[in-house]
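The next block holds one structure in the form of structure tokens; read it before the comments.
Just so you know, all these numbers are worked out from the coordinates, no wet-lab data involved. Because the structure is a prediction, the values reported are computed rather than measured. Here the Cβ positions follow ideal geometry from the backbone for every residue, glycine too, while neighbour counts run over all protein chains shown.
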Amino acid sequence: MSPGLSGISLLADRGEAGAEFVRAVEFAVDRSARPRAPSLACCGVAHEAQPCAADRLTGDRYGREQVLASSTGSARAPRKLKPEVAEQRVSPYEMLKQAILRGDLLPGQPLGESAMATWCQVSRTPIREALSRLEQDGLVIRSSRGMIVRQRSPEEILDIYETRLVLEATAGRMAAERRTVHDVRVLNRLLQAGADVPADQPAAMVEANRKFHHAVWVASHNESLIDLLERLNLHLRRYPETTLSYPGRWAESGVEHGQLVAAIEAREVDKAYDVALKHFSLARDIRLELYDHEVDTAPAPSETRTPKLKGHR
């Protein structure tokens, strides 16, 4: 008997009813002295004994990091993804698209399902689905040999740039109409960032140029226009050599960018349109010249060439 109950032990001498009362009190005191399981708040209800299934998996509803033990009290660490599982999350569609844009898959190269499945380490079904999506993107086409990487041509360059001229000039005009103070601040910051890039760093020039023109798109505040420009830009990326590497073009482009920002900031709608139109007309002419040089020096595509995936086991 608990020492704290000695004062009522005499009740046991008064018969069976007194003994029952003492046993009930002893049980209550003994139970209260035991360690209590932590109180959990799950679905707004407090539980004393065992956590609910949701809390055992994720901890409590306040986002604490610990994973609660099961009803036996044994703790279990959260499961971590293996590196190879994370690698497999790159879809065959994305792998093939990037290979085309990088030039690992050459224009006119056949895309046999079996070869691509082996390269991507997947079955043929996801390859078939990926090729279908790439066909919708305009990066691959059907031929008598099956799916092939879409060929490049001066006609396509003209088509892309004729469309791009209108869209980019429209973006400049709408940016002049709709721009905010924040838009102007971003454009001026990116203009200065581009001016700081040396002309002997093609990758840095391309990135600075991309950010600047994307900021002009954003300043137009027209989601449909931005979507069209992004789709068009996907086709242009199939031509790897940048017009910004052409002698003197980077400095000339910086001047044109400055003129465009000034027109947008001053809300000179027509001037912004004209500056953008001239800017991309010059880019088109240089692109055609670069393509002619590429055709003269490029090797013939191999029928059996398979891409080398960088970093892929």
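What is region 111-207 by shape, rounded, prolate or oblate, if you read a ≥ b ≥ c off the alpha carbon gyration tensor as root eigenvalues and call it rounded for a/c under 1.5, prolate for a/b larger than b/c, and oblate otherwise?
prolate
A dipole drawn for region 85-149 from +1 and -1 charges on Cβ atoms has a positive end, and of GLN121, ALA99, LEU111 the residue lying farthest that way is LEU111.
Structural size metrics of region 104-162, computed from C-alpha coordinates, are Rg and Dmax of 12.7, 40 Å.
Assign one of three labels to region 154-290, namely rounded, prolate or oblate, based on the Cα gyration tensor with a ≥ b ≥ c the square roots of its eigenvalues; rounded applies when a/c is under 1.5, prolate when it is not and a/b is larger than b/c, and oblate otherwise.
Since a/c reaches 1.5 but b/c is at least a/b, the shape of region 154-290 is classed as oblate.
Just how far, in whole angstrom, is region 261-284 from region 100-125 if you go by their alpha carbon centroids? Region 100-125 and region 261-284 have Cα centres spaced 41 Å from each other.
With a Förster radius of 41 Å applied to the beta-carbon distance between GLN151 and ASP200, the computed FRET efficiency rounds to 0.80.
How much length, in nm to one decimal, is gained on full extension between ARG267 and THR163, taken as 0.36 nm per residue of separation minus their Cα-Cα distance?
Values: separation 104, 0.36 × 104 = 37.44 nm, distance 2.41 nm.
My answer for the length gained is 35.0 nm.
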